[in-house]
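To start, the structure itself, in structure tokens.
The values are calculated or read from the model by the stated rules, or taken from the named source; none is laboratory data. In this text, all values refer to a predicted model and were calculated from it rather than measured experimentally. Note that we place each Cβ from the backbone using ideal geometry, even for glycine, and neighbour counts take in every protein chain shown. The accessibility values were calculated without ligands, DNA or RNA, using every heavy atom of the protein model including side chains. Shrake-Rupley method; radii C 1.70, N 1.55, O 1.52, S 1.80 Å.
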Amino acid sequence: MKMKEVLRQKIEAHRTRTVRLLKEYGDTEISKVTIAQAIGGARGVRCLVTDVSYLDPFEGIRFRGRTIPETFEALPKVPGKEYPYVESFFYYMMTSDIPTMEETLEVVEEFKKRRNLPDYVKGIMRAMPKDTHPMTMFSAGILAMQRESVFVEKYNEGMSKFDYWEPTLEDVLNLLPKLPSLAAFIYRLKYKDDDQIADNPELDMGGNFAHQMGIEAPYDDVARMYFILHSDHESGNVSAHTTHLVASALSDAYYSLSAGINGLAGPLHGLANQEVLSWTMKFMDGLEGKEPTEEVIKEALWATLNSGQVIPGYGHAVLRKTDPRYTSQREFCLKNLPDYPLFKVISMIYQVAPGVLEEQGKAKNPWPNVDAQSGVIQWYYGLTEWDFYTVLFGIGRAIGVLTNITWDRALGYPIERPKSVTTDMLEEAAGIK
Ligand code: NMX
Ligand code: MLT
């Protein structure tokens, strides 16, 4: 596979940079840690390294150095469609090179060969209680496939650590294409009476996902857009960091991704996209048919804050402006569903919520994040089961975190093990003990 050979050359070139930094500049300081950071979730502490994406607080995410519009613009598109092949994005994230159409189609074909879900996974999904959350099923499905890990097989045979990345890539190439199949299977099992739709071997990852979900075009392009937008947000977010942390113990890609997906399932992280929809629907139900106004929205937002809850879809640990992933999805809505009532409500919340959060004065960032704008698009295209929304986030996030752990192995990153201190020690450091 061309992508693997390109990756091999990139890895060899990159290793020398990492080794040199470690050997010659290992003592150079890049961050200091305060008591507030030790107690407060390590916010802003620079202690992770990734070149796959970088998050600037004001500009937002860049994938391999490109902004979202630049990424969409640069990658080969599916003929007749507006968004790129997800497979071309995967190639780009792995290698940092924009693939040609030929290189893209090689990945498309490779993914097609590997995307069928094993029967035993279907059996496990069917055996789970009907009220199991789709994220639990998604994580369990990934974990169940761990028995197929090539990394474990090669590790048990005995392998040089310089070769770890190769069977890791093999695991990634086996696992990633199965995720849309697993997700669509869970969706049809849970909400469509287990009426499953067979794979269409003509279609790319985004196209086949829409097909297996049973949702017409342009949902294929929605899927492509979603998976790319949600893929990566540098290394410190909960899902990426968890995947990296678990992988650092040399747990394979299945164990690591399943763990990362469990982190994504938290309401302060990826589950916020379902929370946004449920908040908005509850709000609209409360209107009892009356037109929503900014005044009424403001009251509802204050009611949420006053009851000690967060406004889902707003705020961020790093960003200090509107998330460009929000803007990208908003632009999609302005083009494709400008007059849709639910979109109008989401837009009204955007007008009001930052002011409310600023007035309350707690959140460091009053602006919307990716989750504030993602559910309305799903709802518009008929995917109204909002507890499924985070699974869509999870398919996308897998692209970024699986790329990262392949590079972690390639660069020989060690087991992660930060140091903890006691409260007594902090009081001593503060001079109050
Ligand atoms: N609504 C109400 N309060 C908020 C919000 C919000 N949207 N955002 C932050 N705050 C509060 C926060 O709870 C904290 O309160 P306290 O001092 O009582 O503990 C205070 O403001 C300071 O928090 P920040 O430093 O601004 O935010 P932090 O970095 O701790 O947390 C989030 C970041 C994203 C967890 C937080 O903004 C939040 O809870 N947002 C709502 C949930 C959400 O949309 N999550 C999705 C994030 C994106 N993603 O997909 O993962
Ligand atoms: C993400 O995409 O992971 C979220 O925006 C959370 C984060 O970056 O901390």
Report summary line: Applying the span-like rule to the chain (DSSP H, Cα extent along axis at least 30 Å, Kyte-Doolittle mean at least 0.5) gives 389-410
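For region 107-153, which whole percent of the accessible surface, found with a 1.4 angstrom probe, sits on carbon and sulfur atoms? Before the final figure, lay out the partial values.
Details: 1210 of 2220 Å².
Whole-percent figure for carbon plus sulfur exposure: 54.
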Requested in this report: Collect residues whose amide H, placed 1.01 Å from N in the peptide plane, falls under 5 Å from the amide H of residue 251; neighbours closer than 5 in sequence don't count.
Outcome: none
Query raised in the report: When all protein chains stay in place, what accessible area (Å², nearest 10, 1.4 Å probe) is found for residue 293?
Result: 60
Query raised in the report: Long-range amide H contacts for residue 271: which residues qualify at under 5 Å (H placed 1.01 Å from N, peptide plane, sequence gap of 5 or more or a different chain)?
Result: 266
Query raised in the report: Which length gain, in nm to one decimal place, applies between residue 347 and residue 288 when the Cα-Cα distance is subtracted from 0.36 nm times their residue separation?
Result: 19.3 nm
Query - Per DSSP, loop trypsin sites (Lys or Arg not before Pro) in region 122-172 with at most 14 further Cβ within 10 Å - result: 130
Report summary line: For the chain, the per residue accessible area (1.4 Å probe, Å²) is 46
Report summary line: For residue 356, the net charge from surrounding residues (Cβ-Cβ under 13 Å; K, R +1; D, E -1) works out to -3
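Working with all protein chains in place, sort 195, 56, 220, 27 by solvent-accessible area computed with a 1.4 Å probe, largest first.
Heavy-atom accessible area, descending, gives 27, 195, 56, 220.
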Requested in this report: Quick one: among 20, 325, 62, which has the greatest mean-square fluctuation in a GNM of the chain with alpha-carbon springs under 10 angstrom?
Outcome: 20
Query raised in the report: Amide H of residue 370: which non-local residues (sequence gap of 5 or more, or other chain) have their own amide H closer than 5 Å, using H built in the peptide plane?
Result: 326
**Report entry** Cα-based shape type of the chain, given that a ≥ b ≥ c are square roots of the gyration tensor eigenvalues and the cut on a/c is 1.5
**Finding:** oblate
**Report entry** Cβ-based net charge around residue 218, under 10 Å, with every Lys or Arg adding one and every Asp or Glu removing one
**Finding:** -2
Requested in this report: Please give the peptides 111-119, 371-379 ranked by average Cβ packing (other Cβ atoms within 10 Å per residue), highest first, as a rough proxy for protection.
Outcome: 371-379, 111-119
**Report entry** Segment residue 163-residue 281, length gained on full extension (0.36 nm per residue, minus Cα span)
**Finding:** 37.4 nm
Query raised in the report: Given springs between every Cα pair under 10 Å in a Gaussian network model of the chain, which of 197, 35, 215 has the largest fluctuation?
Result: 35
Report task. First select every other residue whose beta carbon is under 13 angstrom from the beta carbon of residue 282; then total the charges, Lys and Arg +1, Asp and Glu -1. Result -> -3
